[in-house]
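Here the structure is laid out as structure tokens; the discussion comes afterwards.
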Amino acid sequence: MALTRHCWKCGTEYKLSGSPGRSETCPTCSSDLKVCLNCVSYDPRVAEQCRERRADLVGEKHMANYCEYFDMVRREFAPPKGGLGREEKARETFKKLFGD
């Protein structure tokens, strides 16, 4: 499989040249694209999960931010680990609560 720039959540390929802006979202799942999870500097094994030491701390790694060091990573798509995400867990809990 080829290395592509894609949505961190669903894997939809980002085909435009350059990096996405803060307001750009995935056309398939509406997730933000300019997020830490899509950046070449993101590394969950290092302090503050960022290899760029000059970058400001970003608390929500899946939300759009103003980081000036953002560069969209090229990689093979692998679904996020950990089963259901926070949003999906909340939806499931809501459905169980109201019997849907």
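The values are calculated or read from the model by the stated rules, or taken from the named source; none is laboratory data. Just so we're clear, the structure is a prediction, and the values are computed from it rather than from any experiment. As a convention, Cβ positions derive from the backbone with ideal geometry for all residues, glycine included, and neighbour counts pool all protein chains shown. For accessibility, only protein heavy atoms count, side chains too; no ligands or nucleic acids. Shrake-Rupley method; radii C 1.70, N 1.55, O 1.52, S 1.80 Å.
Worth a mention:
- Matching option when the condition is free of Cβ contacts under 8 Å to residues at least 40 places away in the same chain and open to solvent by less than 50 Å² (accessible area, probe 1.4 Å), among V40, V58: V58
- So Y66, is it free of Cβ contacts under 8 Å to residues at least 60 places away in the same chain, out of contact with any strand residue (DSSP E or B) (no Cβ under 8 Å at 6 or more places or on another chain) and among the aromatic types (F, W, Y): yes
- Of all the listed residues (P79, P27, P20), the sole one being open to solvent by less than 30 Å² (accessible area, probe 1.4 Å), assigned to a loop (DSSP other than H, G, I, E, B) and not β-branched (V, I, T) is P20.
- Residues (aliphatic (A, V, I, L, M), over 13 Å from the mean Cα position of the chain (by Cα) and either at pLDDT 90 or above or closer than 10 Å to F70 by Cβ (or both)) located in the range 18-52: V46
- Taken together, the criteria exclude G11 from residues that are of a type in the set (G, A, S), open to solvent by less than 70 Å² (accessible area, probe 1.4 Å) and more than 12 Å from the chain's Cα centre (by Cα).
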